[in-house]
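A short worksheet on the structure shown next.
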Amino acid sequence: MPPERDSEYDLVCAAVSSTVYLTCNTLTDFVGGCTATQDENEITLRVKQDSEPVQAILRSFYEHMRDIARQYPRNINIIIGGESSC
């Protein structure tokens with residue numbers, strides 16, 4: 001069941017969306033690209049190639065997302081490769 005929509009939910013949604021699109025744009029500009037797809041309660045980020053720079057960017061992305069998830073655990077769940085990491 002999706003979390004109740006309130007100002008906290010909207011804040012988290014904005015933070016996650018911004019983080020995803022910044023990461024995707026960075027990957028596109030510097031290392032070959034990615035795609036981000038979004039529906040009501042899920043954002044998927046897919047990279048087009050793997051390399052050490054891609055992994056470094058994704059580690060930073062993950063750390064930031066994990067920080068958001070720790071602050072707002074009722075509003076976010078991180079899933080990597082089909083497995084929940086929070």
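The values are calculated or read from the model by the stated rules, or taken from the named source; none is laboratory data. Because the structure is a prediction, the values reported are computed rather than measured. All Cβ positions, glycine included, derive from the backbone under ideal geometry; neighbour counts span all protein chains shown.
Figure legend. Inter-residue proximity from segment 1-24: first residues within 14 Å of Arg74 (Cα to Cα), second residues at pLDDT 90 or above and surrounded by 14 or more Cβ atoms within 10 Å (Cβ to Cβ), beta-carbon distance below 6 Å, spacing 6+ or different chains. Indicated pairs: Val12/Tyr72. Identify all residues within segment 25-51 that are closer than 17 Å to Glu63 by Cβ and in contact with a Lys or Arg (Cβ under 9 Å, 6 or more places away or on another chain); write none if there are none. Scanning segment 25-51 gives a single hit, Leu27.
Here is a yes/no grid of residues against (1) out of contact with any Cys (no Cβ under 7 Å at 6 or more places or on another chain); (2) part of a helix (DSSP H, G or I); (3) surrounded by 13 or more Cβ atoms within 10 Å (Cβ to Cβ):
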| residue | (1), (2), (3) |
| --- | --- |
| Leu11 | yes, yes, yes |
| Thr19 | yes, yes, yes |
| Thr23 | yes, yes, yes |
| Leu27 | no, yes, yes |
| Asn75 | yes, no, yes |
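When Ile43 is tested against (1) without any contact (Cβ under 8 Å) to a residue 24 or more places away in the chain; (2) in a strand (DSSP E or B), only condition (1) is not met. Candidates in segment 44-73 are the residues that are of a type in the set (S, T, N, Q) and closer than 13 Å to Gly33 by Cβ; of these, the one that is modelled with the highest pLDDT is Ser51. You will find that of Cys24, Cys34, Cys13, the residue that is modelled with pLDDT of 90 or more and not aliphatic (A, V, I, L, M) is Cys24 and no other.
Only one of the numbered conditions (1) aliphatic (A, V, I, L, M); (2) closer than 25 Å to Asp6 by Cβ; (3) assigned to a strand (DSSP E or B) is violated by Ile68, and that is (3).
A count restricted to segment 29-52 and to residues that are exposed (fewer than 14 other Cβ atoms within 10 Å of the Cβ) and over 14 Å from Cys13 (Cβ atoms) stands at 11. The residues in segment 29-86 that are charged (D, E, K, R) and under 12 Å from the mean Cα position of the chain (by Cα) can be counted, and the count is 6.
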